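*Asks:* First the structure, then my questions, so here it is.
The values are calculated or read from the model by the stated rules, or taken from the named source; none is laboratory data. Since we're looking at a predicted model, the values are computed, not measured. Quick reminder, even Gly has a Cβ in these numbers, built from the backbone with ideal geometry, and neighbours come from all protein chains shown.
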């Protein structure tokens, strides 16, 4: 009987301790990614508003083996068509990565390309499309960068988003994608460095962050946490995965509010009028 | 008989003078004095007072900013000629990208809450006037129930109304706070920030006229 009481006390202590752990675990930003198998896995969405250049497309990617033409992220003028769009994808030659502008009428591409082996490592992949005559690609860091200035006229009603595939349904990506973002501005060098270093996109040029998809929830719809009121992504085939890049600062919205108004006073309401008395 | 008539005339005159003088003092009290405020406003639920030109009630909100979705939205945009009057000052924040006009008799204090958040307090305790603005980085388009409960532990959200302040979608509602008692709240999201404006409920009409001057810069 005595043992039984002691056991009960221990169970109670353990339960209390366990409960305290649960209560005081700080809320944190869960991180994850989506795995694309290279055969029709994709995420599609449409912004409510339309946008024009300059735009910046960014995603974190992790691949096992480089393959040609794998599309990470595309923003275009025409649904289900690569004509008149901006795309970041792997290039034509081994370990090559590209920021591509497709012109409006025939979809003729021109790309800035950079060659870097990135197998089995999470890296930031950024395409900056400043105008019809300037596109930049960045991989892993600001230094790993190339510029292309060929004239490609891209329309100015950018609206349609595709992740893990191009807008025509080809270029299926093999590997993981996370932390996808689109700005309707050309990011500065320091902003691109911040992104590459894992700063949460909500803290980078936030007034122009039209689309942000952390890809951190296991859900068939990935909500757009950016400024555009639409842009939620519908997931087809891609699989939620616990592997992820390290992204910091995405949980800043959790700061609780303090009431500081009339601090140090006692409040009374007399006949609908507010009266304050010093404490 | 004659005296009675004179007495009636003089008495009536005195009452009239009392009414005129009393009425003058009652209606001419300024913000620093004993201002009696109605308990409702165009920005909030309940009986509506007169609606200024800059306020329009219209169609259901699209991409609204709050947890649940009331059907109508009250749109509040700054007046075309946003001119500072002699009894107003301008508060301008380049960090949080907004400007508003507030009564000159209020003092302003800013509190850095860390991680990009701030509280700005406008108050005149002697006059019983004041409101605060809490601003925090916010990545979502909608305020979640979790965030609401974090900032409003009472969980009270009465007469919820969708609003739009200079193009920013959000909501107004009445709530309660252990210190302030009944409160009027205006919350909206813009440029990656969540703005929470709070005042005692008794000041709701006064607060609305200040929010009417809000401009994103």
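*Asks:* Name the residue that is surrounded by the most Cβ atoms within 10 Å (Cβ to Cβ), counting only residues in the stretch B:159-188 that are farther than 21 Å from residue A:212 by Cβ and within 9 Å of chain A (Cβ to nearest Cβ).
*Replies:* Ranking the qualifying residues of the stretch B:159-188, first place goes to B:183.
*Asks:* Another question, if that's okay. Filter the stretch B:89-101 down to the residues that are without any contact (Cβ under 8 Å) to a residue 24 or more places away in the chain and touching a strand residue (DSSP E or B) at 6+ places or on another chain (Cβ under 7 Å), then identify the one that is surrounded by the most Cβ atoms within 10 Å (Cβ to Cβ).
*Replies:* By that ranking, first place goes to B:89.
*Asks:* Given (1) assigned to a loop (DSSP other than H, G, I, E, B); (2) farther than 25 Å from residue B:102 by Cβ; (3) touching a strand residue (DSSP E or B) at 6+ places or on another chain (Cβ under 7 Å), where does residue B:143 come up short, assuming only one miss?
*Replies:* Of everything listed in (1) assigned to a loop (DSSP other than H, G, I, E, B); (2) farther than 25 Å from residue B:102 by Cβ; (3) touching a strand residue (DSSP E or B) at 6+ places or on another chain (Cβ under 7 Å), residue B:143 misses just condition (2).
*Asks:* With respect to residue B:144, determine if the residue is modelled with pLDDT of 90 or more and at the interface with chain A (Cβ under 10 Å from one of its Cβ atoms).
*Replies:* Judged against the criteria, residue B:144 is not a match.
*Asks:* Looking only at the stretch A:170-190, count how many residues are outside any strand (DSSP E or B) and in contact with a strand residue (DSSP E or B) (Cβ under 8 Å, 6 or more places away or on another chain).
*Replies:* Going through the stretch A:170-190 one residue at a time, the tally reaches 9.
*Asks:* Do you know which residues across the stretch A:191-208 are under 17 Å from residue A:125 (Cβ atoms) and outside any loop (DSSP other than H, G, I, E, B)?
*Replies:* Hits for the stretch A:191-208 are A:191, A:192, A:193, A:194, A:195, A:196, A:199, A:201.
*Asks:* Now, a different point. With within 29 Å of residue A:271 (Cβ to Cβ), more than 8 Å from chain A (Cβ to nearest Cβ) and surrounded by 20 or more Cβ atoms within 10 Å (Cβ to Cβ) as the only criterion, which of B:156, B:204 stands out?
*Replies:* B:204
*Asks:* Another question, then. Determine which member of the set B:199, B:117 is touching a helix residue (DSSP H, G or I) at 6+ places or on another chain (Cβ under 7 Å), at negative phi, within 12 Å of chain A (Cβ to nearest Cβ) and buried (at least 21 other Cβ atoms within 10 Å of the Cβ).
*Replies:* B:199
*Asks:* Yes or no: residue B:178 over 11 Å from the mean Cα position of the chain (by Cα) and over 30 Å from residue A:278 (Cα atoms)?
*Replies:* Taking the combined requirement at face value, the residue does not satisfy it.
*Asks:* Among the listed residues A:227, A:233, which satisfies the condition of being without any contact (Cβ under 8 Å) to a residue 24 or more places away in the chain and either closer than 17 Å to residue A:43 by Cα or facing chain B (nearest Cβ under 9 Å) (or both)?
*Replies:* Selected residue: A:227, the only one of A:227, A:233 that is without any contact (Cβ under 8 Å) to a residue 24 or more places away in the chain and either closer than 17 Å to residue A:43 by Cα or facing chain B (nearest Cβ under 9 Å) (or both).
*Asks:* Any chance you could count how many residues in the stretch A:236-278 are more than 10 Å from chain B (Cβ to nearest Cβ), buried (at least 17 other Cβ atoms within 10 Å of the Cβ) and assigned to a strand (DSSP E or B)?
*Replies:* Total meeting the criteria: 1.
*Asks:* I've got another one for you. Could you check residue A:225 against (1) part of a loop (DSSP other than H, G, I, E, B); (2) at pLDDT 90 or above and say which number it fails?
*Replies:* Unmet for residue A:225, out of (1) part of a loop (DSSP other than H, G, I, E, B); (2) at pLDDT 90 or above: (2).
*Asks:* Further question: Name the residue that is nearest to residue B:88 (Cα to Cα), counting only residues in the stretch B:123-134 that are more than 7 Å from every other protein chain (Cβ to nearest Cβ) and either within 12 Å of the chain's Cα centre (by Cα) or crowded, with 23+ Cβ neighbours inside 10 Å (or both).
*Replies:* Among them, the one singled out is B:129.
*Asks:* Kindly indicate whether any position in the stretch B:102-113 is assigned to a loop (DSSP other than H, G, I, E, B), surrounded by fewer than 22 Cβ atoms within 10 Å (Cβ to Cβ), touching a residue at least 60 places away in the same chain (Cβ under 8 Å) and more than 8 Å from every other protein chain (Cβ to nearest Cβ).
*Replies:* For the stretch B:102-113, residues assigned to a loop (DSSP other than H, G, I, E, B), surrounded by fewer than 22 Cβ atoms within 10 Å (Cβ to Cβ), touching a residue at least 60 places away in the same chain (Cβ under 8 Å) and more than 8 Å from every other protein chain (Cβ to nearest Cβ): present.
*Asks:* Among the numbered criteria (1) without any contact (Cβ under 8 Å) to a residue 24 or more places away in the chain; (2) within 25 Å of residue A:226 (Cα to Cα), which single criterion is violated by residue A:99?
*Replies:* (1)
*Asks:* Identify, by number, the condition in (1) at pLDDT below 90; (2) more than 11 Å from chain B (Cβ to nearest Cβ); (3) farther than 27 Å from residue A:188 by Cβ that residue A:220 doesn't meet.
*Replies:* Only one criterion is unmet by residue A:220, namely (1).
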